[in-house]
Amino acid sequence: MTTDQVHLGVDLGTSALKVVAVGRDGAVRATARCDYPTARPEPLAAEQDTQDWWSALARALAEVAAAVPARDWAGIGLSAMLPTLVALDSTGTPVGPAITWEDGRAEPEAARLRDAIGGDRLYQLTGQRVDGRYLAPMHERLTRLGRGGVVAAAAKDVLFDRLTGRLLTDPSTAAGTAVFDLDRRAWDPELIVTADVPGLPVVAPSSTVAPLSPQWRSALNITDDVPVVLGAADSVLGAFGMGARAHGDVAVIAGTSAVVLGISDHAVRDPHSRYLITPLAGTGWGLEMDVLAVGSAFDGIARLLRLSGPAELLEAAATVPPGHTPVFLPYLTPGEQGALWDPRLTGTLHGLDLSMGPGHLGRALLTGVIVELRRAISIAETATGRRGPVLLGGGAATNPLLWQELADATGREVLVDRSCRDHSAVGAAMFAAQTLGLPISHAPQLHRVVPRHHRAQWWARAADRHDALRIALGGIEP
């Protein structure tokens, strides 16, 4: 490998496909991002056309190739949103749109699976608190509607197939199906029968390698083989790209949603099932809590208020003292999969008056999001027995107000990688390089935010107010 060669990371995300080219020294040599829409044809629906994915993939790879010639690509690593279902027919063709993790229409099917197996037993087997956003319930719903096909695949499974011609899944992605035995790292026959899943991809290690298909090599004018590494879920590789590797590390990857991932040497189940257990790409486990509405919440409220975007909303929020706002329960997806697990939760604004403007709503929403992040980070600390800094990254984590408030709320230093937003794509490139025996020397340039400890009591009271309103409206006790 010459010093000019790069590894590519491809992240099939909720709103866009991102590609980065990372050099041996860890420098990002090129980036590309291609957006695609999410269709919401009925309440709770979230669907995407897979052809939009492949058009975005072709455009992004071509854009990166224009900056870094494809002859210099040493390998490609993959990451993708989870769980997102693609139902395939017997030829491997999607039978309809992909059903993304934002889709909440399969809750009746999830309830049936929980009732048949038992919610506690299901958690012990899979490490997952299963609801309608998992692939097996999603697929059962499609089957009932005559659109289930014969194979239930995840977004990254079909991405790997698109690039290599092989349909495989990795353990972290398989965990999002609700039928994967966590300890055996294999499909569970009883769960498959109970959930009525007709077919699933073969489970292979994240380090599995296959060559880039001849069609892609021809399109990109590549003469030599380019290895493609199967990779892992976006949460896993996002934490990897941010440098969260050791037991007790905590990464917060804030995008459309925010993943809180505590790194653990052991797959320790939570007595209250408050976190998910996700196999990492190598050894170890991620104790995962997904705060569902973060970037999407800031974006949606900014649109509602006719602002230019989340940046303007948070700029307005910074002008409002934190104690002079309504209480905003930020469950706008709806439902929650953070430390709380309640699909019935909806967004609620309480205490609004005519003196308030966009800044008050922005500050209230920010407070509600941070209350949930604070809760999740505290639980990860208890589970691992270690209290260190919080590693913060992602496209929705660019505002200094968020950084400082998260540090104040948790009482922990927050380390922000200001130079990178696409940590899952960078992590995919780094994992590919490591798998191929050519590790990248990458040290994130972290900005340190120190907590203001005199704010701790204010945040404790804010969390109490938040929980009191949620419980009064019928939410489950924390």
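Here is how the numbers come out for the structure above:
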{"read-out": "Residue list for segment 76-94, restricted to those being surrounded by 22 or more Cβ atoms within 10 Å (Cβ to Cβ) and either more than 18 Å from residue 139 (Cβ to Cβ) or charged (D, E, K, R) (or both)", "value": "76, 77, 78, 79"}
{"read-out": "Subset of segment 148-195 [among the aromatic types (Phe, Trp, Tyr) and farther than 27 Å from residue 214 by Cβ]", "value": "180, 187"}
{"read-out": "Criterion: surrounded by 16 or more Cβ atoms within 10 Å (Cβ to Cβ) and under 19 Å from residue 230 (Cβ atoms) - qualifying residue of 44, 12", "value": "12"}
{"read-out": "Test: residue in segment 424-431 that is over 20 Å from residue 239 (Cβ atoms) and not hydrophobic (A, V, I, L, M, F, W, C)", "value": "no"}
{"read-out": "Selected residue (only one of 61, 44, 57 is on the phi > 0 side of the Ramachandran plot and hydrophobic (A, V, I, L, M, F, W, C))", "value": "44"}
{"read-out": "Top-ranked residue of segment 417-441 - restricted to ones that are part of a helix (DSSP H, G or I) and not hydrophobic (A, V, I, L, M, F, W, C), ranked as modelled with the lowest pLDDT", "value": "423"}
{"read-out": "Search result, residues across segment 47-64 that are open to solvent by 10 Å² or more (accessible area, probe 1.4 Å), small (Gly, Ala, Ser) and closer than 30 Å to residue 141 by Cα", "value": "55"}
{"read-out": "Odd one out for residue 469, checked against (1) under 15 Å from residue 244 (Cα atoms); (2) open to solvent by 20 Å² or more (accessible area, probe 1.4 Å); (3) not small (Gly, Ala, Ser)", "value": "(1)"}
{"read-out": "Conditions (1) small (Gly, Ala, Ser); (2) surrounded by fewer than 24 Cβ atoms within 10 Å (Cβ to Cβ); (3) under 25 Å from residue 130 (Cα atoms): number failed by residue 243", "value": "(3)"}
{"read-out": "Residues being small (Gly, Ala, Ser) and touching a strand residue (DSSP E or B) at 6+ places or on another chain (Cβ under 6 Å) - total across segment 187-230", "value": "4"}
{"read-out": "Qualifying residue in segment 451-463 (condition: among the hydrophobic types (A, V, I, L, M, F, W, C), in contact with a strand residue (DSSP E or B) (Cβ under 8 Å, 6 or more places away or on another chain) and more than 12 Å from residue 22 (Cα to Cα))", "value": "no"}
{"read-out": "Segment 322-367, residues that are among the small types (Gly, Ala, Ser) and out of contact with any Leu (no Cβ under 6 Å at 6 or more places or on another chain)", "value": "323, 338, 339, 351, 355, 357, 359, 364"}
{"read-out": "Failed condition for residue 447, given (1) in a helix (DSSP H, G or I); (2) touching a residue at least 12 places away in the same chain (Cβ under 8 Å); (3) not β-branched (Val, Ile, Thr)", "value": "(1)"}
{"read-out": "Condition met for residue 306 (under 23 Å from residue 259 (Cα atoms) and either part of a loop (DSSP other than H, G, I, E, B) or out of contact with any strand residue (DSSP E or B) (no Cβ under 8 Å at 6 or more places or on another chain) (or both))", "value": "no"}
{"read-out": "Output for segment 193-202, where each listed residue is part of a helix (DSSP H, G or I) and touching a residue at least 24 places away in the same chain (Cβ under 8 Å)", "value": "194, 195"}
{"read-out": "The lone exception for residue 257 - which of (1) buried (at least 24 other Cβ atoms within 10 Å of the Cβ); (2) at pLDDT 95 or above; (3) hydroxyl-bearing (Ser, Thr, Tyr) it fails", "value": "(2)"}
{"read-out": "Flag for residue 422 being over 18 Å from residue 371 (Cα atoms), open to solvent by less than 20 Å² (accessible area, probe 1.4 Å) and not small (Gly, Ala, Ser)", "value": "no"}
{"read-out": "Selection from segment 282-316 of residues that are in contact with an Asp or Glu (Cβ under 8 Å, 6 or more places away or on another chain), more than 23 Å from residue 130 (Cβ to Cβ) and crowded, with 20+ Cβ neighbours inside 10 Å", "value": "302, 310"}
{"read-out": "Given (1) part of a loop (DSSP other than H, G, I, E, B); (2) within 26 Å of residue 25 (Cα to Cα); (3) open to solvent by less than 10 Å² (accessible area, probe 1.4 Å), index of the condition residue 231 fails", "value": "(1)"}
{"read-out": "Single unsatisfied condition, residue 195 versus (1) open to solvent by less than 10 Å² (accessible area, probe 1.4 Å); (2) under 21 Å from residue 131 (Cβ atoms); (3) within 19 Å of the chain's Cα centre (by Cα)", "value": "(3)"}
{"read-out": "Residues located in segment 15-41, provided they are among the hydrophobic types (A, V, I, L, M, F, W, C) and crowded, with 17+ Cβ neighbours inside 10 Å", "value": "16, 17, 19, 20, 21, 22, 28, 30, 32, 34"}
{"read-out": "Boolean, residue 274 is part of a loop (DSSP other than H, G, I, E, B) and touching a helix residue (DSSP H, G or I) at 6+ places or on another chain (Cβ under 8 Å)", "value": "yes"}
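This table checks each residue for (1) touching a residue at least 24 places away in the same chain (Cβ under 8 Å); (2) of a type outside the set (Asp, Glu); (3) within 19 Å of residue 234 (Cβ to Cβ).
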| residue | (1), (2), (3) |
| --- | --- |
| 317 | yes, yes, no |
| 327 | yes, yes, no |
| 346 | no, yes, no |
| 360 | yes, yes, no |
| 375 | yes, yes, no |
| 381 | yes, no, no |
| 386 | yes, yes, no |
| 404 | yes, yes, no |
| 417 | yes, no, yes |
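The values are calculated or read from the model by the stated rules, or taken from the named source; none is laboratory data. Because the structure is predicted, anything quoted here is derived from the model rather than measured. Positions of Cβ are generated from backbone atoms using ideal geometry, with glycine treated the same way; all protein chains shown enter the neighbour counts. To get the accessible areas, we keep the full protein, side chains included, count just its heavy atoms, and leave off ligands, DNA and RNA. Shrake-Rupley method; radii C 1.70, N 1.55, O 1.52, S 1.80 Å.
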